[in-house]
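I'd like to ask you about the structure that follows.
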Amino acid sequence: MRVKKIFQKEWFLIAIIVLAAIVTRFYHFGQPNQIIFDEVYFPKFATDYFRGDYYFDIHPPLAKLMMAGTAKLLGTDLPTTFDFKNISQTYPDDSYKILRFLVSSFGVMLIIGIYFLTKELFHNKWPAFLAGLLAIFDNALLVQSRVILTDVFLLAFGVLGLVFIFVSRRKRPFSCSWFVFLILAGLFLAAGLSVKWTALLFVGVAGIILLTDWLKNKQFKVFLSQFLVLLVVSSLFYFSIFAIHLKLLPQSGTGDAFMSQRFQRTLIGNPLYGNSEIKPANIFQKFIELNKVMYSANAGLTATHAYGSRWYTWPLLIRPIYYWFGAGDDVSSKIYLQGNPLIWWPGFLAIIYWFFWFWRQAFQKNKDRDFTSIGFILAGYFCNLLPYVFVSRVSFLYHYFPSLIFLFIALGFFLWKYFQKYPYLVAVVLLLIIASFAFFAPLSYGLPLTESVFNERVWLPTWL
């Protein structure tokens, strides 16, 4: 009886979530000691800050700055002479572990954020607990939380930004705490944008939340103040990140060719550096130009990829991504970005169910108390997915991750709302999900597999 009471405590549920997130994200830490998929890019960009050589990336610089800054704070120099050329290339030292540690830490932070976002939506610890467990035991999110890629940063920042938006709504308008949480929301949402522009999804959902409040309460002054606070805070943060980025890269580098002569005129070592016939660009002009070039580069991507996929294949897990391969004398190891089908497929069905539920509720005078929260979940899911209908550039399964966050919440709430009277049934469902997670775990952690063991997964190699 005492154990049952402890399990009812929210602090105990949060402790389970945090511990499970840490164990799954840090198990087999640092392995393999080789480049995995797009680790050919981001660690190299981080090392450019140690040299001060200007580089160009199609994404904003915050994640790379965080990687370089973490290494610097810990007194570790990243390998500036390593070429980061090929997948499965062995790292020259252990400094890569610092970058993976940073990513995995944000992977844990993301799980905590999902818990509190769900709690804010439904004001109940149990759907929050279930959503957190679903996020923990999804293999795709696990993989992305263990390798030196940037998606987990934007997801964690975006989710926490929404959490602070919801907390601010519970505060008295124009009070000190109201402003504090609005500012925090603006900082975290801007941080997501400063990692990847796909974090616009979270900004859009925040806007829908505040707009809904205005239409409901008719308090335009409050809405305008919220909008201005978020706009000013996020704009200043976003600009500051680029200012730091440009300040730390004063020298000529691989990114010169992307920039105008006025920009190159400011880079030490560039043939145009100090040229009196060319007017140098100031920090604001460089900021604007860099963002324009990033936008053009994103829009102009035409290359294809063997593991590229279309948006309508993502919910069904039709095209996982082959991240890494390692081979020994009698074993082989592989890492795939492969989701847990016992989460993705039922989760997609839950999204469809909630869509029709929301549609029915919209025409009823007395709406369910969860009507607005379900609407936010659907907005989050589809506002990320539907723009890819019009995207012609190559896209990948990981572009589904922002939608996946809301899928976890949708499925977790579905399990609680309709099966809370049958806790043992929910426990069985969770055990099946964990068993599926364990089945795919060797392909998530890159664990050694004998050929005979690997071939026992009869349908898996054909599907992948």
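The values are calculated or read from the model by the stated rules, or taken from the named source; none is laboratory data. None of these values were measured; they are calculated from a predicted model. Counting neighbours? That spans all protein chains shown, and the Cβs are built from the backbone with ideal geometry, glycine included.
What are the residues in segment 297-311 that are over 20 Å from the mean Cα position of the chain (by Cα) and more than 21 Å from residue 243 (Cα to Cα), if any?
If the condition is that a residue be over 20 Å from the mean Cα position of the chain (by Cα) and more than 21 Å from residue 243 (Cα to Cα), then 299, 300, 301, 302, 303, 304, 305, 306 are the ones that fit.
Quick check: anything in segment 192-204 surrounded by fewer than 23 Cβ atoms within 10 Å (Cβ to Cβ), free of Cβ contacts under 8 Å to residues at least 12 places away in the same chain and more than 27 Å from residue 420 (Cβ to Cβ)?
Yes: one or more hits.
Looking at segment 257-296, which of the residues that are among the β-branched types (Val, Ile, Thr) and closer than 21 Å to residue 244 by Cβ is surrounded by the most Cβ atoms within 10 Å (Cβ to Cβ)?
Among them, the one singled out is 266.
Any residue in segment 186-204 that is touching a strand residue (DSSP E or B) at 6+ places or on another chain (Cβ under 6 Å) and modelled with pLDDT of 95 or more?
Taking every residue of segment 186-204 in turn, none turns out to be touching a strand residue (DSSP E or B) at 6+ places or on another chain (Cβ under 6 Å) and modelled with pLDDT of 95 or more.
Report the residue count in segment 35-59 for those that are touching a Phe, Trp or Tyr at 6+ places or on another chain (Cβ under 7 Å) and of a type outside the set (A, V, I, L, M).
8
Identify all residues within segment 278-291 that are in a helix (DSSP H, G or I) and within 15 Å of residue 256 (Cα to Cα); write none if there are none.
286, 287, 289, 290, 291 - these are the residues of segment 278-291 that are in a helix (DSSP H, G or I) and within 15 Å of residue 256 (Cα to Cα).
Suppose the filter is touching a helix residue (DSSP H, G or I) at 6+ places or on another chain (Cβ under 8 Å), free of Cβ contacts under 8 Å to residues at least 60 places away in the same chain, within 30 Å of residue 157 (Cα to Cα) and of a type outside the set (A, V, I, L, M); does residue 226 pass it?
The answer is yes for residue 226.
Looking only at helices (runs of 4 or more DSSP H) that fall completely inside segment 388-464, which ones have 1 or more residues that are in contact with a Gly (Cβ under 7 Å, 6 or more places away or on another chain), within 29 Å of residue 375 (Cα to Cα) and modelled with pLDDT of 95 or more?
Because the criterion is at least 1 residues that are in contact with a Gly (Cβ under 7 Å, 6 or more places away or on another chain), within 29 Å of residue 375 (Cα to Cα) and modelled with pLDDT of 95 or more, the helices (runs of 4 or more DSSP H) in segment 388-464 that meet it are 401-419.
Being within 18 Å of residue 167 (Cα to Cα), modelled with pLDDT of 95 or more and either basic (Lys, Arg) or more than 24 Å from the chain's Cα centre (by Cα) (or both): is that true of residue 233 here?
For residue 233, the condition - within 18 Å of residue 167 (Cα to Cα), modelled with pLDDT of 95 or more and either basic (Lys, Arg) or more than 24 Å from the chain's Cα centre (by Cα) (or both) - is not met.
Now, a different point. Take segment 206-227 and flag every residue that is of a type outside the set (A, V, I, L, M) and in a helix (DSSP H, G or I).
Across segment 206-227, the qualifying residues are 207, 212, 213, 214, 216, 217, 220, 221, 223, 225, 226, 227.
Here's the yes/no breakdown for (1) closer than 23 Å to residue 342 by Cα; (2) among the hydrophobic types (A, V, I, L, M, F, W, C); (3) out of contact with any helix residue (DSSP H, G or I) (no Cβ under 8 Å at 6 or more places or on another chain); (4) crowded, with 24+ Cβ neighbours inside 10 Å:
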residue: 108; (1), (2), (3), (4): yes, yes, no, no
residue: 114; (1), (2), (3), (4): yes, yes, no, yes
residue: 117; (1), (2), (3), (4): yes, yes, no, yes
residue: 121; (1), (2), (3), (4): no, yes, no, no
residue: 127; (1), (2), (3), (4): yes, no, no, yes
residue: 134; (1), (2), (3), (4): yes, yes, no, yes
residue: 146; (1), (2), (3), (4): yes, no, no, yes
residue: 155; (1), (2), (3), (4): yes, yes, no, yes
residue: 161; (1), (2), (3), (4): no, no, no, yes
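Which pairs have Cβ atoms under 9 Å, sit 6 or more apart or on different chains, and link a residue in segment 389-402 that is under 11 Å from residue 309 (Cα atoms) to one that is among the aromatic types (Phe, Trp, Tyr) and in a loop (DSSP other than H, G, I, E, B)?
From residues that are under 11 Å from residue 309 (Cα atoms), the pairs are 396/307; 397/307.
Could you please tell me which pairs satisfy a Cβ distance under 9 Å, a separation of 6+ or placement on different chains, a first residue in segment 275-291 that is touching a residue at least 40 places away in the same chain (Cβ under 8 Å), and a second residue that is surrounded by 15 or more Cβ atoms within 10 Å (Cβ to Cβ) and in a loop (DSSP other than H, G, I, E, B)?
These pairs meet every condition: 286/259; 286/266; 290/56; 290/259; 291/60.
Would you mind telling me which numbered condition in (1) of a type outside the set (Phe, Trp, Tyr); (2) farther than 30 Å from residue 127 by Cβ; (3) in contact (Cβ under 8 Å) with a residue 40 or more places away in the chain residue 14 fails?
(2)
Any residue in segment 26-50 that's touching a residue at least 40 places away in the same chain (Cβ under 8 Å): show its pairings with residues that are surrounded by fewer than 19 Cβ atoms within 10 Å (Cβ to Cβ) and part of a helix (DSSP H, G or I) at Cβ separation under 6 Å, as long as the two are six or more apart or on different chains.
Filtered contacts from segment 26-50: 30/97.
Right, something else. So, of the residues in segment 1-45 that are among the charged types (D, E, K, R) and assigned to a helix (DSSP H, G or I), which turns out to be farthest from residue 248 (Cα to Cα)?
Across segment 1-45, the extreme among qualifying residues is 2.
Can you name every residue in segment 297-315 that is surrounded by 12 or more Cβ atoms within 10 Å (Cβ to Cβ) and either at pLDDT 90 or above or under 23 Å from residue 340 (Cα atoms) (or both)?
Correct list: 297, 307, 308, 309, 310, 311, 313, 314, 315.
Mind checking which residues of segment 46-63 are part of a helix (DSSP H, G or I) and buried (at least 22 other Cβ atoms within 10 Å of the Cβ)?
Correct list: 46, 47, 48, 49, 62, 63.
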